[in-house]
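Before any comments, here is the structure.
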Amino acid sequence: MPQQARALRAEASRADFLPFHVPAIGPEEIAAVVEVLKSGWLTSGAKVREFEQQFARLVGAREAVAVNSATAALHLALAAIGIEEGDEVIVPTMTFAATAEVVLYLRARPVLVDCSRDTLNIDPAAIEAALTPRTRAIIPVHFAGQPCQSDAILALARSHDAKVIEDAAHALPAWDGARMIGGIGDITCFSFYATKTITTGEGGMATTDNPEWAGKMRMLSLHGISHDAWKRYSSEGSWYYEIINVGYKYNLTDLAASLGLQQLKKCHAFAAARRRIAEAYNDGFADLAEIQTPVCRAGVQHAWHLYVIQLELDRLTIDRREFIEALRQRNIGASVHFIPLHLHPYYRRTFDYRPEDCANAAAVYERIVSLPIYPGMSDDDVADVIVAVRNVVEGHRR
Ligand SMILES: Cc1ncc(COP(=O)(O)O)c(C=O)c1O
């Protein structure tokens, strides 16, 4: 939008509410789901296999195992590498509930560590300080879609014979140098939850180069039985199966996979749209001393699942809650990612965490605001967000 028109609208709110997120579902997705509905096979079958193959090819991994959430993928990844009671798994505090709770499913201990203040990604120095002889895995989260420092994290893990299970719920597609996220760590877990960069409604994928782990995750994802339902009931399979282990009901459906296959085709176009919005925001806020725009590490390609600004609260007369409320009054949806895990009652109560144990995360938590960023936003929507943010800042300068 031209600068002049933007200035003219500076005081105005949008007429309608701009949601924080809207999934990008087109006629192709709808047709693909209808085709599966008519096919006679709704649950895990040929569409899931195709989705796995195409996903593995996209990220450069040997194997991809489709499941019904990233939480399930993370759980199975930890089970596949043999995490058990008494083990420690290093998890960033700046993440969603799922990243740490899967460790607790296996009766191991999540050891929460701090983030860097600028990127909000897990801090390798904090990992190093948390390593013990009991550390069996590290779960870096590529926060907002920006790759963590993979080489440093892999080196730290190897120094303690630990595995790296990447939480890439935000990071499709993203690159650390020339390597795409999904083909770097021991196992990488993606999310296709409704708000993620591609969606199947609910869904997830675990990628790995290790066929043994992939086989174990596949077996555990469907009750620990030796053949999946597709093989049992289709013409290529038999009625016979064996329960090899206690498993879970984590399989993805063909309905969801058909949606995922269409979304996968658009993955790079979606990413380009998100990148354009991030660039527009960076430009739109560049002269505001009250706002720190996201800091990107050189040499990485960010997936821009989230666009998280940090408020310079000492330059404003309002706090973060009031800032989000002021955006809402201007018809702009916003959110917060994340409330650090070590501040939540469960973790404080169970592991005796205090805010200062992860001081960077506790400090930035007060300042972070996630702005809308999704491919369905028009140029006017993006301009409206910029205008609203500027308007709130200008009206509340200290
Ligand atoms: C960092 C992170 N990890 C894991 C998850 C869990 O994903 P899912 O909802 O697919 O289980 C999320 C979901 O928001 C997330 O943000």
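Quick notes
- Residue count for the range 185-209, restricted to those that are assigned to a strand (DSSP E or B), within 17 Å of R136 (Cβ to Cβ) and more than 13 Å from the ligand (Cβ to nearest atom): 2.
- Any hit, the range 86-106, residues being surrounded by 17 or more Cβ atoms within 10 Å (Cβ to Cβ), small (G, A, S) and without any contact (Cβ under 8 Å) to a residue 60 or more places away in the chain: no
- Of the residues making up the range 160-171, those that are within 12 Å of the ligand (Cβ to nearest atom) and in contact with a strand residue (DSSP E or B) (Cβ under 7 Å, 6 or more places away or on another chain) are I165, E166, D167, A168, A169.
- On inspection, L112 does not qualify as of a type in the set (A, V, I, L, M, F, W, C), part of a helix (DSSP H, G or I) and either within 16 Å of the ligand (Cβ to nearest atom) or on the phi < 0 side of the Ramachandran plot (or both).
- Flag if G182 is more than 14 Å from the ligand (Cβ to nearest atom), under 19 Å from N68 (Cβ atoms) and touching a Ser or Thr at 6+ places or on another chain (Cβ under 9 Å): yes
- Close contacts from the range 159-172, counting a first residue that is in contact (Cβ under 8 Å) with a residue 12 or more places away in the chain and over 18 Å from A80 (Cα atoms) and a second that is more than 10 Å from the ligand (Cβ to nearest atom) and among the hydroxyl-bearing types (S, T, Y), with Cβ to Cβ under 7 Å and a gap of 6+ residues or different chains, come to H160/T135; L172/T197.
- Output for the range 298-333, where each listed residue is in contact with a His (Cβ under 7 Å, 6 or more places away or on another chain) and away from the ligand (no atom under 16 Å from the Cβ): L316, T317, I318
- The range 334-351, subset touching a Leu at 6+ places or on another chain (Cβ under 6 Å) and under 28 Å from Y374 (Cβ atoms), residue farthest from the ligand (Cβ to nearest atom): A334
- Residue check for E236: at pLDDT below 95 and not in a helix (DSSP H, G or I): yes
- Here A129 meets the list (1) touching a helix residue (DSSP H, G or I) at 6+ places or on another chain (Cβ under 9 Å); (2) assigned to a helix (DSSP H, G or I) almost entirely, failing just condition (1).
- Of all residues in the range 350-398, those satisfying the criterion of being under 19 Å from D123 (Cβ atoms), among the acidic types (D, E) and in a helix (DSSP H, G or I) are E356, D357.
The values are calculated or read from the model by the stated rules, or taken from the named source; none is laboratory data. Since the model is a prediction, treat every value here as computed from it, not as a measurement. Cβ: placed from backbone, ideal geometry, glycine included. Neighbour counts: every protein chain shown.
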